[in-house]
Structures are given as structure tokens and as C-alpha cells.
Amino acid sequence: MTDPSEPPPPRRKLPPWGMAEDLLGEGGSLAPRVDEPGAIHRFVDSLAPPAAEADVVQHLETWVTFRIAAETYALPVTAVLEILRVEGITRVPHAPPSVRGITNMRGRVLPVMDLRARLGLGEATIVTASRIMVVASLARSIGLLVDSVEQVARLDRLRFQAPPRDVMTEESTYIVGVYQLDDRPMFLLDVDRVLHTHGDVRS
């Protein structure tokens, strides 16, 4: 029972809005609303999604990867028309050194270039895994004989690296970039540059 002789407690004046837990401190007393240093920035940061969920900037492109010798190469899928098994290649007299010959592609004559020879790695030995990649270059269809075709991969152009200057020559300008795929370097090729590189070599 309240003693009428005691003065009444002072009246508290609350702000016109706010949550009760924000307005009252321990024991129900009024809590002063003072921003701590850095509190606003911490609050803004708390609204951002975790780093793993944040949007990752990418520029994905589709490339076809293939093997020559012990190295992996790739061409943009827009340059590759189809991939053929090697059914037979007929030599053609007086053809350019890196041209392996011609083959029949559904009744059409398709010239086939030995990409190993074009890159100065010696003439390719045709095995079960060998493939002919039919590519488009300057409105022409040309077959590229490669050791094997691996996969169609989505590559992030923002991760393309410039080829090392110390290994680049006038004959290797067909390499337009290097990409790390599955912890191994892959050489990105420009098909038109490959077909117009000087210095055909047949070992």
C-alpha cells in the first residue's frame, strides 16, 4: 500500500514511437538512445548478404577444349561447327605443309589441317581418340586434326590471363590468352590467327 505521505514518482515522458525494448533499459528504466561510434555502419553491414551469397561478377563464355601433345587448348564454341571421327584423310600433292589432306564430310570435300604440325609440334599420329574439329574461318569450313576433344566448358572472361611475353613470338600470336581450368593452364586460340600464322613447319 502506498504511503500517502511519500511524494509520487516523477512521470516519465516517452518518445512518440519505438519498440519497448529499445525505449526501456534494465529494470524498466528509460534507456537513453545514443548511437555508439560505428553503430550505423555496422548496422548497414549487417543487412548485406554473406560473402558466399553476394553476387559474383562474371562474364561467362562457352569454349571447346581439346588436347595436342600434353597440352590443353580451346576454341570458342562459336567457331566450331561440328566434331568428326577420323574416317580417312587423303593426301593432296603440293598442299601447304600443315595441310594433312582432305576428307569426305557427307559428300562434301573438307580440307584438314594437322594442328600439331601447324603449331610446330610434328605430324600427328592418328589414333582412336583423334578427332577433326570443323571450324569456320572467313566463310570457309576447315577441319583441324587434334589428338582428342575433351569438353565444352564455360569460362569466365574476367579470369583470362595474357600469355607470357617471354614465350610469345611472331608465330604464336594465335594464343590470345591463358586460363586456369582444374588447376592446369589452358591455351585459348583464335582460329583465324591459327590459320594465318606464318611459318608452317612439318617435322
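Every test in (1) under 31 Å from the mean Cα position of the chain (by Cα); (2) crowded, with 18+ Cβ neighbours inside 10 Å; (3) of a type in the set (D, E, K, R) is passed by ARG100 save one, and that test is (1). One residue stands out among those in region 112-138 that are part of a strand (DSSP E or B) and at pLDDT 95 or above: the one that is nearest to ASP190 (Cα to Cα), which is VAL135. Within the set LEU158, LEU115, LEU81, the sole residue that is crowded, with 16+ Cβ neighbours inside 10 Å and on the phi < 0 side of the Ramachandran plot turns out to be LEU115.
Scanning region 160-192 for residues that are part of a helix (DSSP H, G or I), at pLDDT below 90 and either among the basic types (Lys, Arg) or within 27 Å of VAL112 (Cβ to Cβ) (or both) yields a total of 4. I'd like the residue in region 118-132 that is buried (at least 22 other Cβ atoms within 10 Å of the Cβ) and of a type outside the set (Val, Ile, Thr) and, out of all such residues, is nearest to LEU84 (Cα to Cα). The qualifying residue nearest to LEU84 (Cα to Cα) is ARG118. When region 81-111 is filtered for residues that are in a loop (DSSP other than H, G, I, E, B), of a type outside the set (A, V, I, L, M, F, W, C) and closer than 21 Å to ASP192 by Cα, the ones remaining, listed by number, are PRO96, PRO97, SER98.
The values are calculated or read from the model by the stated rules, or taken from the named source; none is laboratory data. These numbers were taken from a predicted model, which means no experiment stands behind them. Cβ: placed from backbone, ideal geometry, glycine included. Neighbour counts: every protein chain shown.
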